[in-house]
Amino acid sequence: MPMPLRASHTASIVFGTLLLAMSGAVSAQNYQVTTLATDLDKPWSIAAIDDGAFLITEKSGRLVRLDADGTITAISNAPEVYYANQGGLLEVLPDPAFTQNKTIYLSFAGGDKSANRTTVVKA
C-alpha cells in the first residue's frame, strides 16, 4: 500500500508543477485592451450578435445594443427588474439561431423587496 500512495503523491506533485509552469506561460502573453463603451451603468453581461454588435445588460434593468461603431441604443420592452444588492438584469444569451430568429434569453431578479425571485425569459 505505501507504494501506490507514493506514486499518487509524486504524480500530484508533477501535475501541480506542470500547472504552475503552464500558468506562467499564459500570463506572459501580451494582451491588448480596447475600450468599447464608457456610458454604461453597471454592465453585467455581454453577448456577441450579428454584424460585430453586442447586447449588454445593465444591473439597473437597461438592455442595450452596442454597434461596431460604438453607438449605444437602448432596447425597448426590457423586463421590469427588482434592482437591489445583487439583483437586477443579469445574463443575456442569444439563441443559437439568433441571426434567423432574433431570439434572446434573459435572466433577472423580479418581484419586490418582500418577495423576489430569479426569472428566465425568452424574448
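Laboratory data are not the source of any read-out in this text; all were calculated from the coordinates shown. Remember, it's a predicted structure, so these values are computed and weren't measured experimentally. Ideal geometry is used to build each Cβ from the backbone, glycine not excepted, and the neighbour counts take in all protein chains shown.
Residue by residue, the stretch 89-100 carries 3J(HN,Hα) couplings of 7, 9, 8, 10, 9, x, 4, x, 9, 3, 4, 8 Hz when phi is fed to the Karplus relation 6.51 cos²θ - 1.76 cosθ + 1.60 (θ = phi - 60°); x denotes Gly or Pro.
In nm, what is the difference between 0.36 nm times the number of residues separating Lys113 and Asp51 and their Cα-Cα distance? Don't jump to the answer; show the numbers that get you there.
Numbers: separation 62, 0.36 × 62 = 22.32 nm, distance 3.93 nm.
Result: 18.4 nm gained on full extension.
Placing a label point 7 Å from the Cα of Arg65 along the Cα-to-Cβ line, the residues of the stretch 100-121 whose backbone N sits under 18 Å from it are 100-106. Residues whose amide H comes within less than 5 Å of that of Gly61, counting only those at least five positions distant or on another chain, are Leu89 (H built at 1.01 Å from N in the peptide plane).
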